[in-house]
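Take a look at the structure set out below.
The values are calculated or read from the model by the stated rules, or taken from the named source; none is laboratory data. Source: prediction; values computed, not measured. Using ideal geometry, Cβ is built from the backbone for each residue, glycine included, and neighbour counts are taken over all protein chains shown. Remember, those area values only see protein heavy atoms, side chains included, never the ligands or the DNA or RNA. Shrake-Rupley method; radii C 1.70, N 1.55, O 1.52, S 1.80 Å.
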Amino acid sequence: MKNIVILTGAGISAESGLKTFRAEDGLWENHPVEQVATPEGFARDPDLVQRFYDERRANVMGAQPNAAHKALGRLESEWDGELLLVTQNIDDLHERGGAQNTLHMHGEVLSAWCRACDTRHRWDGTLCDGPACPSCGAAAMRPDIVWFGEMPYQMDRIFDAVARADLFVSIGTSGAVYPAAGFVQEASRAGARTLELNLEGSAGSHFFDKTRLGPASELVPRWVD
Ligand code: BV8
């Protein structure tokens with residue numbers, strides 16, 4: 001087995017204290033998706049959306065990577081085949097857990113995107129106060145996040161890796177959002193073995209050859225080591 005693709009979701013960061021989306025106290029409970037995670041919601045009330053992501057940016061900066069992030073960091077550096085770590089998460093806990101080449105298909109909360117000059121910038125401050133773009137000076141910065149209806153990043157690279165995978169592992173995701181939720185079917189079609197590590201069964205569990213249930217901080221190090 002040489003080529004591995006790993007997909008992670010909010011569940012891998014839950015034990016680091018970052019809220020998931022669909023738990024009872026989840027992120028979407030206080031904010032209808034349409035209001036805070038769509039371009040239309042941003043156009044309608046930019047201040048609400050900027051503050052929603054400013055709050056999540058601050059939470060991410062106060063969080064620490066857990067044993068699952070660190071185990072994947074070790075695996076990535078020790079694996080002698082190809083390994084692509086794709087995350088739906090906008091936090092930087094994979095990087096702070098040692099992963100070097102994490103692909104953030106839904107963007108990163110520590111990055112800001114200027115709509116005036118189409119540049120991206122590392123960002124650890126707030127956006128709700130309309131800061132000037134470091135490149136062009138315009139007050140046109142938005143979170144560098146892929147919202148519903150927007151094209152996820154690097155889809156070609158992901159589909160190419162999935163098509164060549166010998167093993168596809170999904171960790172901490174409900175399998176509720178596409179195209180990420182469809183990767184397991186693509187991997188199976190290409191002949192890969194598929195494994196799901198999750199706290200509970202997900203919408204996609206039936207697509208996997210094997211599902212192990214439990215907290216990521218226990219399951220992932222056990223699987224890696
Ligand atoms: C797009 C960023 C065109 C924002 C997010 C079919 C094909 C293509 C698109 C669609 C389609 N059908 C519908 C669509 C449209 C839409 C979609 O999927 N809608 C859903 C609601 C049906 N998709 C889109 O709009 C996407 N863009 O389609 O462009 C296109 C088409 C084809 C090919 C290319 C492009 C863009 C979607 C991106 C939206 N942005 N995030 C932000 O973060 O604020 S979505 C957000 O929710 C996440 O990023 C993630 O992707 C998604 C699901 O969240 P999860 O990470 O899974 O978290 P969740 O809370 O749901 O689940 C947590 C899991 O962890 C649970 O299972 C739980 O049991 C587990 N867990 C909890 N604790 C632990 C744990 N596991 C282990 N250990 C623990 N301790």
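With a 1.4 Å probe and all protein chains left in place, how much of the accessible area of the chain comes from carbon and sulfur atoms, in whole percent?
Working: 5220 of 10420 Å².
With neighbouring chains kept in place, the figure for the chain is 50 percent.
So for the stretch 24-136, what percent of the C-alpha to C-alpha distances run longer than 22 Å? If you can, show how the numbers build up before the last one.
On the way: 2658 of 6328 pairs.
The calculated P(r) of the stretch 24-136 puts 42 percent of pairs beyond 22 Å.
Restricting things to alpha carbons, find the Rg to Rh ratio for the chain using the Kirkwood radius for Rh. Mind showing how you got there, number by number?
Numbers: Rg = 17.4 Å, Rh = 18.0 Å.
Using Cα coordinates only, the ratio equals 0.97.
What whole-number distance in Å separates the alpha-carbon centres of the stretch 1-41 and the stretch 152-177?
Rounded to whole Å, the Cα centres lie 16 Å apart.
Once amide H atoms are built 1.01 Å from N in the peptide plane, which residues 5 or more positions from residue 214, or in another chain, come under 5 Å H to H?
Hits under the 5 Å cutoff: 198, 199, 200.
Considering Cα pairs under 8 angstrom that are at least six residues apart, work out the relative contact order of the chain and quote it in whole percent. Write out the running numbers ahead of the final one.
Numbers: 441 pairs, mean separation 51.9, N = 225.
Once normalised by length, the contact order is 23 percent.
In sequence order, what are the phi-derived ³J(HN,Hα) couplings for the stretch 132-137 according to the Karplus relation 6.51 cos²θ - 1.76 cosθ + 1.60 with θ = phi - 60°, rounded to whole Hz, with x for glycine and proline?
6, 5, x, 8, 10, x
Please list 3J(HN,Hα) in residue order for the stretch 38-43, calculated via the Karplus relation 6.51 cos²θ - 1.76 cosθ + 1.60 where θ = phi - 60°; whole Hz, with x for glycine and proline.
9, x, 5, x, 5, 5
Please flag any cysteine in the chain that has no other cysteine's Cβ under 4.7 angstrom from its own Cβ.
If one checks each Cβ against the other cysteines of the chain, 128 turn up with nothing under 4.7 Å.
When the solvent-accessible surface of protein heavy atoms is calculated with a 1.4 angstrom probe, in what order do 222, 157 fall, highest first?
On the way: 222 160, 157 110 Å².
These residues rank, largest area first, as 222, 157.
Strictly greater than 14 Å: what percent of every Cα pair in the stretch 84-162 meets that? Please report the intermediate quantities before stating the final value.
Working: 1979 of 3081 pairs.
More than 14 Å apart: 64 percent of the Cα pairs in the stretch 84-162.
Pop out the ³J(HN,Hα) list for the stretch 204-221 in order, Karplus 6.51 cos²θ - 1.76 cosθ + 1.60 with θ = phi - 60°, rounded to Hz; leave Gly and Pro as x.
x, 3, 5, 7, 8, 5, 9, 10, 10, 9, x, x, 4, 5, 9, 5, 5, x
With just the Cα atoms of the stretch 112-156, tell me how far they stretch along each of the three principal axes, in Å, largest first.
32, 18, 17 Å, listed from the longest principal axis down.
Given a 1.4 angstrom probe, what's the average accessible area per residue across the chain, in square angstrom?
Details: 10420 Å² over 225 residues.
It amounts to 46 Å² per residue over the chain.
Return the long-range amide H neighbours of residue 107 (sequence gap of 5 or more, or a different chain), with a cut-off of under 5 Å between placed amide H atoms.
Amide H neighbours of residue 107: 146, 153.
Please identify, among 122, 56, 96, the residue showing maximal mean-square fluctuation in a Gaussian network model of the chain using a 10 angstrom Cα cutoff.
Greatest mean-square fluctuation among the candidates belongs to 122.
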